[in-house]
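The block underneath contains the structure these notes are about, expressed in structure tokens.
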Amino acid sequence: MTRFALCLALALPAVAAAADWPQWQGPDRNSISKETGLLKEWPKGGPPLAWKVKGLGGGDSAPSVAAGQIYVMGTRGSGDNVVRALSEKDGKEVWVAPVGPTNQQRMQQSQEGPGGTPTVDGDHLYALGMSGDLACLQAKDGKEVWKVSLTKEFGGVIPMWSYRESPLIDGDKLICTPGGPDATVVALDKKTGKTLWKAKVTAGGGGGGGGGRPGRGGGGSAAYSSPIVVEVGGQRQYVQLTAKTLVGVSATDGKVLWTYDKPANGMGINCSTPLLADGQVFAASAYGNGGGLVKLTKGGDGIKAEEVYFTKKMENHHGGMILHDGHLYGANGGNSGGFLICLDFKTGEVKWDQRDAGGKRVEKGSVAFADGRIYYRTESGSVMLIEPNAKEYTERGRFDQPDRTRSPAWAHPVIANGKLYIRDQDTLYCYDVKAK
């Protein structure tokens, strides 16, 4: 490399690698890593532990990984939600920055701290605190660029279990869900925090309707899901699961294009991120509910959302779902339990249910996917490596995370650059899963 080329390389900003995990549920928000060359089977006792760090503070926030750094939310003392930047090499702290005061929620579950994942976009990152403080920080040093309060700016109502959304960046826009009377979903200028548009959502209303339960009301309340980008017939839109409905809003102006109520449970406790494939969106929730698939088509001036099926066999609480080779994998069960299940994505037909598999039982948990394997973390802390197979449950290794806290293991697993990250409240574990 010439001296000029070397100087130019040093001057350029850090660029995320192909195997980074820069936001909630990975590079494409579908819980699928672009990583290759990983272990296809784990040795007895699991993959080797590369390092672990303590001092994150409480919370269920899964990390994001980009350009050599790890970003994770937690608490500091008893008053602040913070973002911490750690070195990807050894976990040493690079910086810590406050986001806003914590929310003293009444509900015991997840009181310990924030649950959202920071979203990394080039030189900046975006994080949402439990009380609705949305911050844009410089990735290199944590310096605040701008901050907006979802409650003060948009009249947002803090959900019962606090705000736990992971902001979405799409081009120059930031998309989030205040859940205010006239601002269910909003778009902000990611550089300044200025409001670009506000979308008011009501259950059973909006352009498409289609297969929902109209008239339930309260569709504008925020739940705990995070939005995704969907494009159908040239119409770019953001799809979000609110407290009462699944909704698609126009990326241009926030116009409500369609709603579909069935995936939202009657408790308003809707957590899992919607999933997109071939112009179809699947969303699910627990508390006796289930999941539904809608087909989106361009129709006139709007988008039509037509139900393909609804199933009680994907009662997904907050562990998320994986789509691989035409099959849907995720935990089916309510807030008190559940088991891993495999469905035909197009029809909802059950291919297998681990509840009936015998042998080692697999309780409810969260999922991620990398290099042909499902990474499954149960609420008790056990971690499994599973070969996706529509005929039967096929396990290729498992281990129990050491020094488990008494809190449920709700932070999702993350795979980036040959490493598996497991968060347990104050501690982050980094395992080496690269094939040798």
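The values are calculated or read from the model by the stated rules, or taken from the named source; none is laboratory data. Only a predicted model underlies this, so the values are computations on that prediction, with no experimental measurement involved. Ideal geometry is used to build each Cβ from the backbone, glycine not excepted, and the neighbour counts take in all protein chains shown. Remember, those area values only see protein heavy atoms, side chains included, never the ligands or the DNA or RNA. Shrake-Rupley method; radii C 1.70, N 1.55, O 1.52, S 1.80 Å.
Whole-Hz Karplus values for segment 307-321 come out as 5, 8, 6, 10, 10, 7, 8, 9, 8, 7, 7, 8, x, x, 9 Hz, taken residue by residue from phi with 6.51 cos²θ - 1.76 cosθ + 1.60 and θ = phi - 60°; glycine and proline positions read x.
Per residue, what accessible area does segment 339-436 have, given a 1.4 Å probe and all protein chains present, in Å²? If you can, show how the numbers build up before the last one.
Numbers: 3690 Å² over 98 residues.
The answer is 38 Å² per residue.
Heavy-atom accessible area, probed at 1.4 angstrom with all protein chains present, ranks Asp278, Asp60 as Asp278, Asp60, highest first.
The local environment of Lys34, defined by Cβ-Cβ distances under 15 Å, has a net charge of 0 under the rule Lys, Arg +1 and Asp, Glu -1.
Could you compute the longest span of the chain free of GluC sites (Glu not before Pro) located in DSSP loops and having at most 14 other Cβ atoms within 10 Å, not counting the site residues? Each step should come with its number before you reach the end.
Values: sites that count: Glu41, Glu349, Glu392.
By the stated rule (loop sites, at most 14 other Cβ atoms within 10 Å), 42-348.
Counting only heavy atoms of the protein chains and using a 1.4 Å probe, Lys434 has close to 80 Å² of accessible surface. Listed by chain and number, the aspartates and glutamates whose C-alpha is less than 16 Å from the C-alpha of Lys262, apart from same-chain residues fewer than 8 away, are Glu306, Glu307, Glu315.
May I ask you to compute the full-extension gain from Lys298 to Val350, defined as 0.36 nm times their residue separation minus their alpha-carbon distance, rounded to one decimal in nm?
Result: 15.7 nm gained on full extension.
Pop out the carbon and sulfur fraction of the accessible area of the chain as a percent, whole number, probe 1.4 Å. Looking at the chain in its full context, I get 50 percent from C and S.
Per residue, the convex hull spanned by the Cα atoms of segment 232-339 measures out at 90 cubic angstrom. Using just its DSSP H runs of length 4 or more, each adding -39500 (n - 2.57), the chain gives a mean residue ellipticity at 222 nm of -1000 deg cm²/dmol after division by all residues. If I model the chain as equal point scatterers sitting on the Cα atoms and use the Debye formula, what is log10 I(q)/I(0) at q = 0.06, 0.10, 0.13 Å⁻¹? The computed values of log10 I(q)/I(0) come out as -0.22, -0.65, -1.12. Here the 3J(HN,Hα) profile of segment 139-145, calculated from phi with Karplus coefficients 6.51, -1.76 and 1.60 at θ = phi - 60°, is 5, 6, 9, x, 5, 6, 9 Hz, Gly and Pro shown as x. Annotation: aspartates and glutamates with alpha-carbon distance below 19 angstrom to Lys191 (same-chain offsets under eight excluded): Asp121, Asp123, Asp133, Asp141, Glu144, Glu153, Asp170, Asp172, Asp253.
Counting only Cα atoms, the size of segment 278-317 along its three principal axes is 36, 15, 12 Å, in decreasing order.
Over 26 Å between C-alpha atoms is what I'm after, so list which of Lys143/Lys419; Lys244/Lys313; Lys255/Lys295; Lys173/Lys346; Lys44/Lys434 land there.
Working: Lys143/Lys419 28 Å; Lys244/Lys313 20 Å; Lys255/Lys295 19 Å; Lys173/Lys346 32 Å; Lys44/Lys434 16 Å.
Flagged as over cut-off: Lys143/Lys419; Lys173/Lys346.
Given the options Gly100, Gly171, Gly155, which has the most mean-square fluctuation in a GNM of the chain, springs set between C-alpha atoms less than 10 angstrom apart? The residue that fluctuates most here is Gly171. Find the all-direction average of the projected area of the Cα convex hull for segment 311-436, expressing the result in square nanometres with one decimal place. Projected area, direction-averaged: 7.9 nm².
Let's test the formula: R0 of 35 Å, r as the Cβ-Cβ distance of Lys143 and Thr36. What FRET efficiency results, to the nearest 0.05? Before the final figure, lay out the partial values.
Details: r = 35 Å, r/R0 = 1.01.
For Lys143 and Thr36, the calculated efficiency is 0.50.
Could you order Arg373, Arg423 by accessible surface area, starting with the largest, using a probe radius of 1.4 Å?
Arg373, Arg423
What the phi angles of segment 279-293 give under the Karplus curve with 6.51, -1.76 and 1.60, with θ = phi - 60°, is a coupling list of x, 10, 10, 10, 9, 8, 8, 9, 6, x, 9, x, x, x, 10 Hz, glycine and proline written as x. Take every pair of alpha-carbon atoms less than 8 Å apart whose residues are at least six positions apart; their mean separation over the length of the chain yields a relative contact order of 14 percent.
In percent, what relative contact order does segment 43-137 have, based on Cα pairs under 8 Å that are 6 or more apart in sequence? Present the calculation step by step, with values, prior to reporting the outcome.
Values: 204 pairs, mean separation 24.1, N = 95.
Relative contact order, segment 43-137: 25 percent.
From the P(r) of segment 22-90, can you give the percent of Cα pairs sitting at distances over 14 Å? So the pairs more than 14 Å apart make up 70 percent of the total in segment 22-90. Every pair of different Cα atoms in segment 28-148 enters the Kirkwood calculation, which places the hydrodynamic radius at 15.5 Å. Size of segment 119-204 from its Cα atoms: along the principal axes, largest to smallest, the extents are 42, 26, 19 Å.
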